[in-house]
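Participant: The structure is given below, and queries will be raised subsequently.
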Amino acid sequence: MIIFDAQRGEYIDTETGEVIEERVADLGPEWRAFEYKERLERERTGSPLSLKVHDHGLSTRIGAGSSRDRIKLIRMRRLHEEARILSSERSKRLVTYLAILNREATKIAVPEHVKQSAALIIRKLAKKKSHRKSDPYTIVIASLYYACKINNVPVSFQEFVTKFSISASDFWNAIKQIKEAVPELRPRVLPTKFIPKILDELKLPSTIGPKVAEIVNFMYNKGLASGKSLLTVTAGATYIVSILSDNKKMQKEIAEKLGITEATIRNRYREIVKALGPVRYVCQECGFELYRFEEVGEDTHGVMTPSEVKSMHDGKCPRCGHELGTPTLVPGKLEVML
Ligand SMILES: [Zn+2]
């Protein structure tokens, strides 16, 4: 999800912590001032929007005091004026776009951060030439749609086309232009998206889903899955969790069902054990280590299942005599309490 940190004036991807655009401090006040002024103007006079809203709200803070302050004020005003003239073409476009966004966004129920993302897209677009083939209205609606996608807010293409009465092909073209113009902002694929499907395919209980998700997210967040297909990372995680939860599936079966090779599953599984391992089974009464597995390939059998570990110890903890029970997966590790 992309959020706007108003205090720091940054857009941050909550998933990666990455700052997408710094120095957008001007967007916050600009946006707010803009929204406010537009509302005021609409309420009072219904007149079209003034371009003044685009001076980044600075002018309002410049007050006149002593003569030295006045000179400073005059200088600053001149600077502002120059800046405004220089960027006036771009500003006009931006103001037009933001006005449309402000007005149209109220027609569909979107969270504030989605509106902020749309404003960010529009700001980036206003700097480029590519989009000028499309009319502003379509571009703005497409930005809003794209912002929903980026933030995983479920909306449909058809819904937008109908609600905003735009032609599907124009809308599609505008989205294409946005994709090209702001490649750094892309709808994020949820790392966990394949899990329900895979568990279903393999007839594994959905209760193991959270553990698989934890592993997949861990691998992604640590950058250990970069360049690897999400399906294979999920398959590797599913394989290890199927063992730890006593629902063991063979690599061969997973490979066949998912159309990937056994070697790929083994590689992902090896990487997961390396990153989160060792695999440990412990007595939940006294913490005695019943079994330990350090590295894939260390024996031909692979990781033992809880049932195998239990029978290895005749069902009882050799240290405290606790009767080994149903496996409980320990969060954040490849550890099972019995
Ligand atoms: Zn014990």
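Participant: So which of Arg319, Arg292 is more than 26 Å from Lys203 (Cα to Cα), in contact with a Phe, Trp or Tyr (Cβ under 6 Å, 6 or more places away or on another chain) and modelled with pLDDT of 95 or more? Spell out the reasoning first.
Facilitator: Details: Arg292 fails: in contact with a Phe, Trp or Tyr (Cβ under 6 Å, 6 or more places away or on another chain).
The conditions single out Arg319.
Participant: Okay, next question. Just need a number here: residues in the range 317-338 that are within 20 Å of Val212 (Cβ to Cβ) and open to solvent by less than 30 Å² (accessible area, probe 1.4 Å).
Facilitator: Looking only at the range 317-338, we keep the residues that are within 20 Å of Val212 (Cβ to Cβ), and these are 326-337.
Those still in the list that are open to solvent by less than 30 Å² (accessible area, probe 1.4 Å) too: 330, 334-336.
Count: 4.
Participant: Let me ask you something else. Return the residue satisfying two criteria in turn: it lies in the range 271-294 and is among the acidic types (Asp, Glu) and in contact (Cβ under 8 Å) with a residue 24 or more places away in the chain, and of such residues it is farthest from Asn217 (Cα to Cα). So that I can check it myself, show each step before the final result.
Facilitator: Initial filter on the range 271-294 (among the acidic types (Asp, Glu)): 271, 285, 289, 294.
After this cut, where a residue has to be in contact (Cβ under 8 Å) with a residue 24 or more places away in the chain as well, the list is 271, 285.
Working: Glu271: 14, Glu285: 30 Å.
Out of the qualifying residues, it is Glu285.
Participant: Still on this model: Taking into account only those residues within the range 184-201 that are at pLDDT 85 or above and surrounded by 18 or more Cβ atoms within 10 Å (Cβ to Cβ), which is farthest from Ser143 (Cα to Cα)? Please lay out each step first, then the result.
Facilitator: Initially, the range 184-201 is screened for residues at pLDDT 85 or above, giving 194-201.
Adding the requirement that they be surrounded by 18 or more Cβ atoms within 10 Å (Cβ to Cβ) leaves 194-195, 198-199.
On the way: Phe194: 27, Ile195: 30, Ile198: 33, Leu199: 35 Å.
Top of the filtered list is Leu199.
Participant: State yes or no: is Leu290 assigned to a strand (DSSP E or B) and over 20 Å from Glu214 (Cα atoms)?
Facilitator: Values: assigned to a strand (DSSP E or B): yes; over 20 Å from Glu214 (Cα atoms): yes.
Criteria met by Leu290.
Participant: Restricting the search to the range 293-322, which residues are assigned to a strand (DSSP E or B) and either more than 17 Å from Asp246 (Cα to Cα) or outside the structural domain of Ile208 (by TED's automatic domain parsing) (or both)?
Facilitator: Keep residues of the range 293-322 that are assigned to a strand (DSSP E or B), which gives 293, 316.
Selection gives Lys316 alone.
Participant: If you don't mind, another one. Quick check on the range 309-320. Is at least one of its residues touching a strand residue (DSSP E or B) at 6+ places or on another chain (Cβ under 9 Å) and closer than 26 Å to Val216 by Cβ?
Facilitator: Among the residues of the range 309-320, at least one is touching a strand residue (DSSP E or B) at 6+ places or on another chain (Cβ under 9 Å) and closer than 26 Å to Val216 by Cβ, which makes the answer yes.
Participant: Look at the range 282-307 and say how many of its residues are open to solvent by 80 Å² or more (accessible area, probe 1.4 Å), more than 38 Å from the chain's Cα centre (by Cα) and within 13 Å of the ligand (Cβ to nearest atom).
Facilitator: Here is the first cut: in the range 282-307, the residues open to solvent by 80 Å² or more (accessible area, probe 1.4 Å) are 284-285, 292, 294-295, 298, 300-301.
Add one more test, that the residue is more than 38 Å from the chain's Cα centre (by Cα), and what stays is 285, 300-301.
Checking the rest, the ones that are also within 13 Å of the ligand (Cβ to nearest atom) come to 285.
So the answer is 1.
Residues are listed down the side, and each one gets a yes or a no for (1) open to solvent by 10 Å² or more (accessible area, probe 1.4 Å); (2) over 12 Å from Ile175 (Cα atoms):
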site	(1), (2)
Ile108	yes, yes
Glu112	yes, yes
Ala126	no, yes
Ser134	yes, no
Thr138	no, no
Ala142	no, no
Val153	yes, yes
Gln158	yes, yes
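Participant: Does Arg268 fit the bill of being within 16 Å of the ligand (Cβ to nearest atom) and in contact (Cβ under 8 Å) with a residue 40 or more places away in the chain?
Facilitator: On the way: within 16 Å of the ligand (Cβ to nearest atom): no; in contact (Cβ under 8 Å) with a residue 40 or more places away in the chain: yes.
Taking the combined requirement at face value, the residue does not satisfy it.
Participant: Given the residues Lys257, Lys274, Lys252, Lys310, which is the only one that is within 16 Å of the ligand (Cβ to nearest atom) and open to solvent by 30 Å² or more (accessible area, probe 1.4 Å)?
Facilitator: Details: Lys257 fails: within 16 Å of the ligand (Cβ to nearest atom); Lys274 fails: within 16 Å of the ligand (Cβ to nearest atom); Lys252 fails: within 16 Å of the ligand (Cβ to nearest atom).
Matching residue, one of Lys257, Lys274, Lys252, Lys310: Lys310.
Participant: Pull up the range 323-338, narrow it to residues that are more than 10 Å from the ligand (Cβ to nearest atom) and part of a loop (DSSP other than H, G, I, E, B), then point me to the one that is nearest to Asn217 (Cα to Cα).
Facilitator: Within the range 323-338, the match that is nearest to Asn217 (Cα to Cα) is Gly332.
Participant: Within the range 219-240, is even one residue open to solvent by 10 Å² or more (accessible area, probe 1.4 Å), away from the ligand (no atom under 16 Å from the Cβ) and over 31 Å from the mean Cα position of the chain (by Cα)?
Facilitator: No, that holds for no residue.
The values are calculated or read from the model by the stated rules, or taken from the named source; none is laboratory data. Note that this is a predicted model, so its numbers are computed, not measured. Cβ sites come from the backbone with ideal geometry, for glycine too, and all protein chains shown count toward neighbours. For accessibility, only protein heavy atoms count, side chains too; no ligands or nucleic acids. Shrake-Rupley method; radii C 1.70, N 1.55, O 1.52, S 1.80 Å.
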